[in-house]
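The values are calculated or read from the model by the stated rules, or taken from the named source; none is laboratory data. Nothing here was measured: the structure is a model prediction, and the numbers come from that model. So basically every Cβ, Gly included, is an ideal-geometry build from the backbone, and we count neighbours across all protein chains shown. Remember, those area values only see protein heavy atoms, side chains included, never the ligands or the DNA or RNA. Shrake-Rupley method; radii C 1.70, N 1.55, O 1.52, S 1.80 Å.
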Amino acid sequence: MIRIVSIAAVVAGSLALAACGSGGAAGSRDYIRAVGSSSVYPFSTAVAERFTKTGFKSPVIESTGTGSGLKLFCAGLGYAHPDVANASRRIKKSEYEMCQKNGVKDVIEIQIGLDGIAFAEASNGLGMKLTPVDVYKAIASKPFGQPNRYATWKQVNPALPDIPVLVYGPPSTSGTRDALAELILTVGCQSDPATAALKDSDPDRFKAVCTQVREDGGYVDAGENDNLIVQKISQNPKAVGVFGFSFLEENPDTLRGISMSGVTPTYETISNFSYPGARPLYIYVKKSHLGPIKGLSNYLQEWPKVWGPNGVLQKKGMVIAPEDARTKNAHIITEMKPLDPTELK
């Protein structure tokens, strides 16, 4: 589901961006367009609101999911393409290469803060306590290479309740889903030595076995609207939800976090990375759009003003990045230094 802060008026043809230079960079327009992560969306809109108060037009912010957002972002330069991609995981090497192929040469990466893949249940839920192995066995399509036959949580782990496995989570286009696969499912998958060995002997099979989720009703793709997942599990004490930590923070009366390997998702456990689902959040920017797109540089400069302790983003549920990370990324904004692709995987 796409959420939009505002829709800027578009006059076809007259606002078409003129190509400039060999890369075909953007011409001129008076609003910013950002696409991507539903987890970053509330933070991006908060910055957009502050930015608008400085005299610029309200940016268009679309919640498309990280994967879809980066696909739109990397499709090319110019008016028809977004200026910013919000991401709840780091850009992949393959996505960066797609950017390069389509003329998006200089990509600026800015880490804006931290988040966690929160597992939660209704406040009147059953008091679930999970591990990555439990989650993997419960929602993987073929746990350890075998068809998933776990119908109840008790079959997954005798210490868990004897209720049907029902997990509401993000779709395949979501960065939260990617982080779930990397930080939780793959960890559970590698608990089996034979399956772990596939990582070197057969990487494609390893990825399929470790990260594909079941499609028989045990895992329900609830779309890009994390608020819908919140609604689903708050109304069903026997369901589990997976979403960004900020949504758990915003609903303390109806939800409670589920511990993962004995660690409950909290501000503190995510900030010190003791919680297994902790992750950085990013925005990506086209350097070639900084001059032609009115206010884009000013928009970026708003982020460091609000991403520190007691800032607006913390009040919105963001976990504040360590001081050295904030300093480093504020410097990236000042220098507009592009990403080093050798760091990607």
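Scanning the range 185-227 for residues that are among the hydrophobic types (A, V, I, L, M, F, W, C), open to solvent by 20 Å² or more (accessible area, probe 1.4 Å) and in contact (Cβ under 8 Å) with a residue 40 or more places away in the chain yields Val187, Ala194, Ala208, Val220. Within the range 230-244, the set of residues being part of a helix (DSSP H, G or I) and either crowded, with 24+ Cβ neighbours inside 10 Å or among the polar types (S, T, N, Q) (or both) comprises Gln231, Ile233, Ser234. Of the residues making up the range 55-71, those that are closer than 20 Å to Ala179 by Cα and not in a strand (DSSP E or B) are Thr64, Gly65, Thr66, Gly67, Ser68, Gly69, Leu70, Lys71.
Checking each residue in the range 136-165 for being in a loop (DSSP other than H, G, I, E, B), over 25 Å from Lys207 (Cβ atoms) and either open to solvent by 40 Å² or more (accessible area, probe 1.4 Å) or among the polar types (S, T, N, Q) (or both) picks out Ala151, Pro158, Ala159, Asp162.
Taken over the range 289-304, the criterion of being at pLDDT 95 or above, open to solvent by 50 Å² or more (accessible area, probe 1.4 Å) and farther than 30 Å from Leu248 by Cα is satisfied by Asn298 alone. A search for C-beta distances below 6 Å between a residue of the range 245-257 that is surrounded by fewer than 20 Cβ atoms within 10 Å (Cβ to Cβ) and any residue that is of a type in the set (S, T, N, Q) and part of a helix (DSSP H, G or I), counting only pairs 6+ apart in sequence or on different chains, returns Thr254/Ser234. Among residues of the range 322-339 that are over 13 Å from Gly308 (Cβ atoms), those with a Cβ under 7 angstrom from a residue that is basic (Lys, Arg) and surrounded by 14 or more Cβ atoms within 10 Å (Cβ to Cβ), sequence gap 6+ or separate chain, pair up as Met336/Lys287; Pro338/Lys287. When the range 305-324 is filtered for residues that are assigned to a helix (DSSP H, G or I) and open to solvent by 20 Å² or more (accessible area, probe 1.4 Å), the ones remaining, listed by number, are Lys305, Val312, Gln314, Lys315, Glu323, Asp324.
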